[in-house]
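Notes for the one structure printed next.
The values are calculated or read from the model by the stated rules, or taken from the named source; none is laboratory data. Computed from a prediction, not measured in an experiment: that's the story for all the values here. Because the Cβ atoms are built from the backbone with ideal geometry, glycine has one as well, and the counts that use them run over all protein chains shown. All accessible areas refer to the heavy atoms of the entire protein, side chains included, with ligands and DNA or RNA removed. Shrake-Rupley method; radii C 1.70, N 1.55, O 1.52, S 1.80 Å.
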Amino acid sequence: MSVSSSPSAPAPTTSLPAAPAAEPPTQAELLDFAERAAADAELIASLPLDPEGRTWVRLDGPRGSEAWLIGWPPRTGTGWHDHADSVGAFVTATGELTENSLAARLPTDGWKTLELTEGVDRERRLPAGRGRAFGRHHVHEVLNESSDRHAVSVHAYYPPLPRIRRYSRSGPVLRLEQVERPEDWQ
């Protein structure tokens, strides 16, 4: 489109409608991405594995999400944590992971110690090809309980992780220990 104006008249302005904001990915879309990435044998084989500690590579997730390919040596895990305001999904690509989680809505801020009621603990075994999506403030730990085999998984989060809250657990007592922000992971 071209606009012309005479030297004595102000130039006309053209306003275009603002482009609609991209919709954030849903939990189902994050899970679908993680499933497709976990099924990509070439991608999974590209992850360097370390016998001592977890390894990871950042991936481009759908519509601005944050995604990770993670290698889990035998007998390693995350410890209890949540992803604050992010929703997410993860899928085991090789090996088997165990997810322990809490089926309880916890307060989001302003507490240091909680006593959990009976019946809130959940355990999921996630062999290769299996995964799950989760909502905001989902408290869990992910473990590779194998004594001799690595596991590899794909994780996706939206919005990109603003913070991770780490917890300790002793019986029914859950204690907030640390809040990490992305700059702490660099």
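If we keep just the residues of the range 155-186 that are in contact with a Gly (Cβ under 8 Å, 6 or more places away or on another chain) and open to solvent by less than 30 Å² (accessible area, probe 1.4 Å), which is nearest to Glu96 (Cα to Cα)? Among residues in the range 155-186 that are in contact with a Gly (Cβ under 8 Å, 6 or more places away or on another chain) and open to solvent by less than 30 Å² (accessible area, probe 1.4 Å), the one nearest to Glu96 (Cα to Cα) is His155. Flag: Glu115 matches the condition of being of a type in the set (D, E, K, R), more than 19 Å from Leu47 (Cα to Cα), open to solvent by 60 Å² or more (accessible area, probe 1.4 Å) and touching a residue at least 24 places away in the same chain (Cβ under 8 Å).
Selection of the range 77-102 for residues being assigned to a loop (DSSP other than H, G, I, E, B) and either within 25 Å of Arg181 (Cβ to Cβ) or open to solvent by 30 Å² or more (accessible area, probe 1.4 Å) (or both) yields Thr78, Gly79, His83, Ala84, Asp85, Ser86.
Go through the range 31-53 residue by residue and tally those that are out of contact with any strand residue (DSSP E or B) (no Cβ under 6 Å at 6 or more places or on another chain) and either open to solvent by less than 40 Å² (accessible area, probe 1.4 Å) or within 14 Å of Ser153 (Cβ to Cβ) (or both). I'd like the intermediate steps shown before the answer.
Filtering the range 31-53 down to residues out of contact with any strand residue (DSSP E or B) (no Cβ under 6 Å at 6 or more places or on another chain) leaves 32, 36, 39-43, 45-46, 50-53.
Imposing the further condition that a residue be either open to solvent by less than 40 Å² (accessible area, probe 1.4 Å) or within 14 Å of Ser153 (Cβ to Cβ) (or both) reduces the set to 36, 39-40, 43, 53.
Total meeting the criteria: 5.
Screening the range 41-95 for residues that are closer than 28 Å to Pro24 by Cβ and among the acidic types (Asp, Glu) and picking the one that is farthest from the chain's Cα centre (by Cα) gives Asp60. For the residues Arg36, Arg63, the requirement of being on the phi > 0 side of the Ramachandran plot and assigned to a helix (DSSP H, G or I) singles out Arg63. Scanning the range 110-158 for residues that are acidic (Asp, Glu) and either in contact with a Pro (Cβ under 7 Å, 6 or more places away or on another chain) or farther than 22 Å from Ser170 by Cβ (or both) returns Glu115, Asp148.
Taking the condition over 23 Å from Gly53 (Cβ atoms), touching a helix residue (DSSP H, G or I) at 6+ places or on another chain (Cβ under 9 Å), touching a residue at least 60 places away in the same chain (Cβ under 8 Å) and open to solvent by 50 Å² or more (accessible area, probe 1.4 Å), does Gly129 pass? Here the answer is yes, as Gly129 does meet what is asked.
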